[in-house]
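Okay, so here's the structure we're looking at.
The values are calculated or read from the model by the stated rules, or taken from the named source; none is laboratory data. All figures in this text were calculated on a predicted structure; none of them were measured in a lab. With ideal geometry, Cβ positions are generated from the backbone for all residues, glycine too; neighbour counts draw on all protein chains shown. Remember, those area values only see protein heavy atoms, side chains included, never the ligands or the DNA or RNA. Shrake-Rupley method; radii C 1.70, N 1.55, O 1.52, S 1.80 Å.
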Amino acid sequence: MAARYQAPKGTFDVLPAEEAARALVAEHAGRLLDAAGHGRIETPALEETEVFARGVGASTDIVSKEMFSFTDRGGRELTLRPEGTAPICRAYIEHGMHKDPQPVKLWYAGPFFRAESPQRGRYRQFNQIGAEVIGTDSPLADAELIVLLDELLRGLGIADLELRLGSLGSLETRAAYRDELRDYLREHEAELSDDVRARLDSNPMRAFDSDHEGTRAVIGAAPTMLERLEADDAEHFAAVRALLDAAGVPYRLDPTLVRGLDYYTRTVFEFSCGRLGAQSGIGGGGRYDGLIEVLGGPPTPAVGWAAGTERILMAMADAPLPQRPEVFVVCADGAAAFELALGLRRHRISAQFDLAARAFKGQMKRAGRSGARFAAILEQDGSLKLREMDSGEQREVDSAELPALVIAAREA
Ligand code: AMP
């Protein structure tokens, strides 16, 4: 006999009990973003690798080690999208959205892929909800988006949230700062981790993300980006902070906040949740004023964020109840139960019935376990009783009246 197939650990399955919670998150996010004027956009899961290599940056962790890339039969280099912003900018350019009234406000939700070693809260395939405002450099857009993400998370009952906020300045100041930081780190090269040392030339700012003790000590005394902001970037950052203060959204300034994507400029932010353990990042983003130009479009400032659906679900205090039927049909005759339940469903009433030929008592037990509000008990003599499961109250009803009675009870 062939050996039994064993799925690798970390296989991503969403079971029915979780789908209800997912639908609730998606609906909440859609309502919020729609009300803020964001139109939904969908881009394909497969993109040309160059979109990410250029857009996210070749030296980032995402591009250098986390992408699922392959060459297709026609010799094209393709990648399963690891993030949503670069593809959206590609679409913005491709569809001439820069000719539309600016800014263009978009949102998206869907699966993303990163070659990671799966663990709790970190998957190879995961889902993100994201929002972008393209075509304005106003600090109002940064603040509006941060407030939206804060509302999205709090509206789902997520507590223990922390918002960290930083600014990376313009691409030019950031480049000058990067050189300064590189020179500083080089002076302390012996104390740094191998990983950080290997990327000193390509991406010295990643040293801020290191867990290595020696690196942390060196970086703790390094000059920070916030100290080097040019006057207009500092002013922009002050305006974002003032707007967040006015909106009552608390944040902590974090001069070491470096997001894992190369394209960020000016504002960067990240929400984390204390309930999530090691993978505490729940959503984040920032301004990417240089990205559209890098991808071949006109110079266009933009800002956005992405939040992880799985982490949102893990952080939610009260998981919504799994789908409960409104009515469980109990009847000794399976075919009669089938007919009654299907009739109820035609009235958009969720109804279930026993599929295992259980005796009456067994079916009543199933009705209780299903969480149904009512049991519709069809007796052998054709009489029908409607039983409210919580109170145990039961009365005889006419089968023609049944749908109307159940629907009326929804409002009661
Ligand atoms: P990032 O684009 O890395 O900033 O990710 C944005 C959000 O997506 C994070 O805050 C997480 O909530 C989520 N996320 C990123 N990578 C993963 C992953 N491998 N598994 C699950 N969620 C993820």
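Counting helices only, and only those DSSP H runs with n ≥ 4, report the 222 nm mean residue ellipticity of the chain as the sum of -39,500 (n - 2.57) divided by its residues, in deg cm²/dmol to the nearest 500.
-11000 deg cm²/dmol
Can you give the relative contact order of the range 57-188 as a percent, counting alpha carbon pairs under 8 Å and 6+ residues apart?
This gives 17 percent for the range 57-188.
Please list 327-333, 293-299, 57-63 highest first by mean number of surrounding beta-carbon atoms within 10 Å per residue.
327-333, 57-63, 293-299
For Cα pairs less than 8 Å apart in space and 6+ apart in sequence, what is the mean separation divided by the residue count of the range 170-274, i.e. the relative contact order in percent?
Taking the mean separation of contacting Cα pairs over the length of the range 170-274, I get 30 percent.
Using the alpha-carbon centroid of each, what span in Å lies between the range 332-409 and the range 20-74?
Result: 45 Å between the Cα centres.
With angles folded into 0 to 90 degrees, how steeply does helix 334-346 sit against the dominant principal axis of the chain? Use alpha carbons for both and round to 10.
50
Mind giving me the FRET efficiency for Glu187 and Arg348? R0 is 60 Å, r the Cβ-Cβ distance, nearest 0.05 is fine.
Efficiency for this residue pair is about 0.25.
Distance from the Cα centre of the range 279-302 to that of the range 205-241, in angstrom?
For the range 279-302 versus the range 205-241, the Cα centre distance is 19 Å.
Pull up the DSSP beta bridges for the range 327-411 and report the antiparallel fraction as a percent, rounded to 5.
Beta bridges within the range 327-411, antiparallel portion: roughly 55 percent.
How much of the calculated P(r) for the range 220-342 lies past 18 Å, in percent of all Cα pairs?
70
If I model a spin label at Asp390 and Glu151 as a point 7 Å from the Cα along the Cα→Cβ vector, what separation in nanometres do I get?
Going by the 7 Å Cα→Cβ label model, 3.1 nm.
Enumerate the whole-percent occupancy of each 10 Å bin, from 0 to the last occupied one, for all C-alpha pair distances of the range 327-411.
Per 10 Å bin, starting at 0, the Cα pair percentages come out as 19, 59, 22, 1.
Rounded to the nearest 5, what % of the DSSP beta bridges within the chain are antiparallel ones?
80
Given springs between every Cα pair under 10 Å in a Gaussian network model of the chain, which of Met364, Met314, Met97 has the largest fluctuation?
Checking each option, the largest mean-square fluctuation is seen for Met364.
Could you give the length gained by full extension between Ala45 and Phe12, i.e. 0.36 nm per residue of separation minus their alpha carbon distance, to one decimal place?
10.2 nm
Report the FRET efficiency, 1/(1 + (r/R0)^6), for Arg31 and Arg4, where r is their Cβ-Cβ distance and R0 is 35 Å, rounded to 0.05.
Efficiency, rounded to the nearest 0.05: 0.20.
For the chain, with every protein chain kept in place, what is the accessible area per residue (1.4 Å probe, Å²)?
In whole numbers, the chain has 50 Å² accessible per residue.
How long are the semi-axes of the ellipsoid equivalent to the chain, from square roots of 5 times the Cα gyration tensor eigenvalues, in whole Å, largest first?
Ellipsoid half-lengths, sorted descending, are 52, 24, 21 Å.
To the nearest 0.05, what FRET efficiency results for Glu77 and Glu227 with a Förster distance of 35 Å applied to their C-beta separation?
Approximately 0.30, to the nearest 0.05.
Hey, any idea what % of the chain's accessible area is carbon plus sulfur with a 1.4 Å probe?
50
Compute the normalised compactness of the range 1-107: alpha-carbon radius of gyration over 2.2 N^0.38 Å, N being the residue count.
Cα Rg divided by the expected 2.2 N^0.38 Å: 1.42.
Taking Cα pairs under 8 Å and at least six residues apart, what relative contact order does the chain come out at, in percent?
16
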